[in-house]
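The values are calculated or read from the model by the stated rules, or taken from the named source; none is laboratory data. If you're wondering where the values come from, they're calculated on a predicted model, not measured in any experiment. Glycine also receives a Cβ, built like all others from the backbone with ideal geometry; neighbour counts cover every protein chain displayed. Heavy atoms of the whole protein, side chains included, go into the accessibility calculation; ligands, DNA and RNA do not. Shrake-Rupley method; radii C 1.70, N 1.55, O 1.52, S 1.80 Å.
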Amino acid sequence: MLTPAEKAIYEWQMWVPGIGEAGQQKLKESSVLITRCGGLGGLVAYELAAAGVGKLVIAHAGNLKPSDLHRQLLMTSDWVGKPRIDSIVRRLGELNPLIEVLGIPENVNNDNVADLVGQVDVVVDCAPLFEERLLLNRETVRQGKPMVECAMYELQFHITTFLPGPETPCLACLHPEEPPSWKRQFPVFGAVSGTVGCMGAMEAIKLVTGVGEPLGGRLLSMDMRDFKVMESLIHRRNDCVVCGN
Amino acid sequence: MIVNFQLWGQLRQAAGGTSYVVDVPDGVTATEAVQALASSCEGVRSMILDDDGSVRPVILIFREGRQLETDDTESLLTGCELTLMSPIAGG
Ligand SMILES: [Zn+2]
């Protein structure tokens, strides 16, 4: 049951057709893993906290650096040199103290991935390294959990959703190996990571509430330099080592 | 014949622009056209091709809004447009 305080906070979004109190209750009972929680994941987490997702599990290691501040909006400039996850949990709690935020000061790795994915209904992949992304993908496929896939570069971004079952590809269908040219640090604006982060949050909300149509089997790409949008059908590889036959 | 490429991801900076045109023999497949692009554009060659000259499986190829398999055997028509996308991530 929603409390009067929750109804007051979520009133505007409950007016969205298909949401109502029942949809808000689904959000309250839902759980989402966000990894990592930087420029991209930070906006996913912020929007999902605002929307009243009942439990956020956030995996993000390391201490805040000055070069994080242009895009990682859950950080504050007085926190440089201190653990990012502490700032993330604090900021989310300030926005919405009615939800549970579980901050893990680690990135996804072989030892924690099964437990992290096992705690949630939906995963949002925001990690910068393909090693982490492919690991998360393998585990979400194994556990049959949906994964929202968000990525960015320069003024471009793309987003898709990998759904359990045979209807959509998984990340390893698209990128079966770690791309040799990808680097941990790359050009991007915070407005780009923020845009795709908000879109990733909306995908998670759609998955939880059943409202709208997730991007299963469709890759949505945008170049914010000229706002060119491209929607492409993507498919499963029969020989995929993760989800294939 | 002419094949027009639209480039996304790191390929853009590597090629020095958002698009690239290659002149290829009539009837080539999409993969052959991609290999021709890699051969004519030094900046993207190692991103697109592996050591034995095959198109890396991480490179996504789209035609008319649909992803193509790297073993797609359909011949291209002159003036057609392919979109190439190199992997990107978060952060
Ligand atoms: Zn797969």
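Points to keep in mind about this one:
- Counting residues in the range A:214-227 that are of a type in the set (Lys, Arg), surrounded by fewer than 16 Cβ atoms within 10 Å (Cβ to Cβ) and away from the ligand (no atom under 16 Å from the Cβ) gives one or more.
- A:Arg91 being within 17 Å of A:Gly194 (Cβ to Cβ) and within 12 Å of chain B (Cβ to nearest Cβ): no
- Yes/no for A:Lys183 being open to solvent by less than 50 Å² (accessible area, probe 1.4 Å) and either within 12 Å of chain B (Cβ to nearest Cβ) or under 30 Å from A:Lys28 (Cβ atoms) (or both): no
- The C-beta contact set for the range B:6-28 (first residue more than 13 Å from chain A (Cβ to nearest Cβ), second residue small (Gly, Ala, Ser) and open to solvent by 20 Å² or more (accessible area, probe 1.4 Å), distance under 6 angstrom, 6+ apart or interchain) comprises B:Val22/B:Ala36; B:Val22/B:Ser40; B:Val24/B:Ala36; B:Gly27/B:Ser75.
- Candidates B:Glu74, B:Glu69, B:Glu81, B:Glu42, filtered to the one that is of a type in the set (Asp, Glu) and at pLDDT 95 or above: B:Glu81
- All positions within the range A:176-189 that are more than 14 Å from A:Gly39 (Cβ to Cβ) and either within 10 Å of the ligand (Cβ to nearest atom) or aromatic (Phe, Trp, Tyr) (or both): A:Pro176, A:Trp182
- For the range A:228-245, a residue qualifies if it is in contact with a Lys or Arg (Cβ under 8 Å, 6 or more places away or on another chain) and near the ligand (Cβ under 10 Å from one of its atoms), and the qualifying residues are A:Val242, A:Cys243, A:Gly244.
- Residue within the range B:61-83 that is open to solvent by 40 Å² or more (accessible area, probe 1.4 Å), farther than 12 Å from B:Phe5 by Cβ, in contact with a Leu (Cβ under 8 Å, 6 or more places away or on another chain) and facing another protein chain (nearest Cβ under 9 Å) present: yes
- Filtered residues of the range A:187-213 (kept if open to solvent by 40 Å² or more (accessible area, probe 1.4 Å) and within 14 Å of another protein chain (Cβ to nearest Cβ)): A:Pro187, A:Phe189, A:Thr195, A:Cys198, A:Met199
- Look at the range B:51-74: where a residue is farther than 11 Å from B:Thr29 by Cβ and a partner is of a type in the set (D, E, K, R) and part of a loop (DSSP other than H, G, I, E, B), sitting 6+ places away or on another chain with Cβ atoms under 7 Å, you get B:Arg56/B:Asp50; B:Pro57/A:Glu177; B:Val58/A:Glu177.
- Test: A:Glu177 is surrounded by fewer than 21 Cβ atoms within 10 Å (Cβ to Cβ) and either more than 13 Å from every other protein chain (Cβ to nearest Cβ) or of a type outside the set (A, V, I, L, M, F, W, C) (or both): yes
- Residue-level check: of (1) within 14 Å of chain B (Cβ to nearest Cβ); (2) more than 22 Å from A:Asn107 (Cα to Cα), A:Ile58 misses just (2).
- Residue within the range A:112-133 that is among the polar types (S, T, N, Q) and touching a helix residue (DSSP H, G or I) at 6+ places or on another chain (Cβ under 7 Å) present: no
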